[in-house]
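Each value in this text was obtained by applying a stated rule to the coordinates, not by laboratory testing. Since the model is a prediction, treat every value here as computed from it, not as a measurement. Methodologically, a virtual Cβ is constructed for each residue, glycine included, from the backbone with ideal geometry; neighbour enumeration extends over all protein chains shown.
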Ligand SMILES: Nc1ncnc2c1ncn2[C@@H]1O[C@H](COP(=O)(O)OP(=O)(O)OP(=O)(O)O)[C@@H](O)[C@H]1O
Ligand SMILES: [Mg+2]
């Protein structure tokens, strides 16, 4: 029997659950000529959701992770390389002629992998313009290409003025739906919601939330049932109470519980979920210890407060501004996430570790 839970990579059926409304809305959205901005904390399922929508629509697409690029020229090369994955080189050849700066294309004869680069001294914004122009030429108005920029907020690090230039190019294009994914909420909203930003109101903003309790519970019960028929619902509820419906951590904990039930002996009266949590904490113990040691006192105080109350407290005479700026920094670094009006420790096992060791 294969583990029915999957975590860490993009998920498709049968590992994909819920998101029915979101999927429907995104698909409808792609039938328009507009652009989409999808924001959520790390590992909530942005990439899986978008790729599922694109696959179901059978639309051509190019997926670019901006985080992989270390310069504008690199980003341009990445765009072309990703396009090469989905379009045969023969078809692209005539379009590549339009490049104002001649690219170098190398093909590994054993693996057939294609590499693509520009000479480093080239004017990088011209390269970017030509790369996006290539996408527009490959696309048609009948079957518009969907171009996804993952971790789009990273774009601002590449070069001053790049956002202005990108926006200028993109708004001229007719045959592309752009999708901007991002996990840094404050930076993404600054890009798309600040009046002075070139990307102000460039597309429809959508926030992806966690997976609802009921759907996730049904999914976990279905996965665990063959191994614990009687107590599957109980175990599913316990898993969700620990992970608080976080998509990635829920799948991770469920997968470990499943392995325990399948391959290890669970003693009479022993709780498989509790055992799985202990295992996960033990695996990460050293990382958590190191992490905790590297946090300053303000950070530790905030993390403890959030573990205990889910709120930022301003007691103990600490200035409110210090608390909030530290919380913002912890959010940016991915240790905290904000859900509606409360804060959470991103990693529920780190939360358990803090509870166990420090408070
Ligand atoms: N619809 C879903 N059903 C079940 N599990 C899901 C779903 N979406 C995401 N997950 C779980 O969350 C994990 C992360 O998903 P994904 O990589 O799509 O998220 P992401 O938001 O793009 O993450 P990142 O911020 O790292 O780019 C998956 O490996 C899977 O375990
Ligand atoms: Mg992703």
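Worth a mention:
- P(r) for region 295-359, from all Cα pairs and a bin width of 10 Å, is 21, 61, 17 %, short bins first.
- Additional length obtainable on full extension of the chain from residue 295 to residue 13, 0.36 nm per residue less Cα span: 97.6 nm
- Theoretical gain in end-to-end length, residue 106 to residue 28 [0.36 nm per residue, Cα-Cα removed]: 24.2 nm
- For the pair residue 3 and residue 123, label points projected 7 Å from Cα toward Cβ lie 5.2 nm apart.
- Taking all Cα-Cα distances within the chain, those exceeding 27 Å account for 56%.
- Using alpha-carbon coordinates, inclination of helix 272-294 to the longest axis of the chain, degrees: 70 degrees
- Cα gyration tensor shape of region 119-228, rounded if a/c is under 1.5, else prolate or oblate by comparing a/b with b/c: prolate
- The modelled label-to-label distance for the pair residue 278/residue 356, using points 7 Å beyond Cα in the direction of Cβ, is 0.9 nm.
- Degrees between helix 20-30 axis and first principal axis of the chain (Cα, 0 to 90, nearest 10): 10 degrees
- Helix 297-309 vs. the chain, principal-axis angle (Cα, 0 to 90°, nearest 10): 70 degrees
- Between residue 42 and residue 266, the contour length at 0.36 nm per residue exceeds the Cα-Cα span by 77.3 nm.
- Using the Cβ-Cβ distance between residue 286 and residue 93 with R0 = 45 Å, the FRET efficiency computed as 1/(1 + (r/R0)^6) comes to roughly 0.30.
- Centroid-to-centroid separation of region 164-231 and region 95-113 [C-alpha atoms, Å]: 32 Å
- Share, in percent, of DSSP beta bridges within the chain that are antiparallel, nearest 5: 30 percent
- When the chain is treated as a Gaussian network with alpha carbon springs shorter than 10 Å, the biggest mean-square fluctuation among 235, 333, 69 belongs to 333.
- Shape category assigned to region 212-283 from the gyration tensor of Cα positions, a/c cut at 1.5: oblate
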